[in-house]
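The values are calculated or read from the model by the stated rules, or taken from the named source; none is laboratory data. Just so it is clear, the structure is predicted and the values come from calculations on it, not from any experiment. A quick note on method: Cβ atoms are made from the backbone with ideal geometry, for glycine too, and the neighbour counts reach across all protein chains shown.
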Amino acid sequence: MLNVVKNFDLVKEEISMYKNVNIVAVSKTFPVNHILPLINHGHQHFGENKVQEAQEKWTSLKNDFPNLKLHLIGKLQTNKVKFALPLFDYIHSLDSIKLAEKISLEQEKKNFKPKIFIQINLGKETQKSGIDEDQLKNFYKKCINELKLNIIGIMCLPPFDQEPIPFFKKMQNLSETLNIKEISMGMSNDYLKALKYKATFIRVGSKIFGSRN
Ligand SMILES: *Cc1c(COP(=O)(O)O)cnc(C)c1O
């Protein structure tokens with residue numbers, strides 16, 4: 001637990017040559033007492049993958065530390081959108097039109113617009129969520145023009161058993177084609193590779209907080 005701050009500083013040091021990179025410290029499964037040292041260290045960006053766990057851990061933390069930014073990195077069910085806003089400042093997992101429509105309604109109701117990444121299914125993996133590459137442009141246009149979503153970037157989760165570099169490369173190309181600047185990619189095992197291909201948000205969990213179970 002005391003190592004959390006040390007681990008974080010090592011990651012920060014390691015990536016210091018890359019400018020304008022946000023480290024999303026992924027604290028899923030870890031209790032608040034493991035997270036607090038890093039908050040007190042001044043870090044502001046944290047990631048969770050489940051809405052309910054985030055509500056339990058972060059509702060009062062965000063009251064105590066109003067500068068914290070919470071990122072939803074896991075799948076968002078449409079029936080949980082009402083609990084996700086305004087708790088989450090960033091949503092990395094927009095993966096369907098149905099979800100986009102739901103967020104659009106909810107952000108209107110709450111008068112709070114989260115920053116959103118479109119999750120892309122690069123591996124065409126049937127078990128994984130995300131928008132297919134060939135539908136991305138239309139999806140993006142609909143999200144910004146009709147649904148008024150604040151789309152800031154694209155996100156991917158490459159197949160865990162494959163070399164990620166071709167996927168990261170693809171993401172860089174897509175971001176240039178669409179002219180969307182932010183790219184959420186890279187986890188504990190591959191963030192250095194992701195940064196070579198212009199990742200701007202890396203999602204680092206176990207390297208900071210230790211292994212989960
Ligand atoms: C858990 C998780 C991470 C962090 O994984 P680590 O390998 O522990 O760094 C990043 N992104 C997503 C979507 C995750 O679910």
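Annotations
- Scanning the stretch 132-169 for residues that are outside any helix (DSSP H, G or I), over 20 Å from the mean Cα position of the chain (by Cα) and free of Cβ contacts under 8 Å to residues at least 12 places away in the same chain yields Asp161, Glu163.
- Extreme residue, farthest from Val5 (Cα to Cα), among residues of the stretch 152-206 that are within 9 Å of the ligand (Cβ to nearest atom) and among the small types (Gly, Ala, Ser): Ser184
- Residue match in the stretch 73-96 (condition: modelled with pLDDT under 95 and in contact with a helix residue (DSSP H, G or I) (Cβ under 8 Å, 6 or more places away or on another chain)): no
- Note on the stretch 103-128: residues that are of a type outside the set (Asp, Glu) and closer than 18 Å to Tyr90 by Cα amount to 16.
- Subset of the stretch 2-37 [among the aliphatic types (A, V, I, L, M) and either in a helix (DSSP H, G or I) or away from the ligand (no atom under 16 Å from the Cβ) (or both)]: Leu2, Val4, Val5, Leu10, Val11, Met17, Val32, Ile35, Leu36
- The one condition in (1) at pLDDT 95 or above; (2) surrounded by fewer than 20 Cβ atoms within 10 Å (Cβ to Cβ) that Met1 fails to fulfil: (1)
- In the stretch 29-68, the residues that are aliphatic (A, V, I, L, M) and surrounded by 15 or more Cβ atoms within 10 Å (Cβ to Cβ): Ile35, Leu36, Leu38, Ile39, Val51, Ala54, Leu61, Leu68
- When each of Lys109, Lys102 is tested for being more than 17 Å from the chain's Cα centre (by Cα), at pLDDT 95 or above and exposed (fewer than 14 other Cβ atoms within 10 Å of the Cβ), the lone residue that passes is Lys109.
- Residue within the stretch 38-52 that is assigned to a loop (DSSP other than H, G, I, E, B), within 16 Å of the ligand (Cβ to nearest atom) and in contact with a helix residue (DSSP H, G or I) (Cβ under 8 Å, 6 or more places away or on another chain) present: yes
- Near pairs, Cβ below 7 angstrom, 6+ apart or cross-chain, from the stretch 20-36 (farther than 11 Å from Gly210 by Cα) to any residue that is away from the ligand (no atom under 16 Å from the Cβ) and at pLDDT 95 or above: Val32/Leu61
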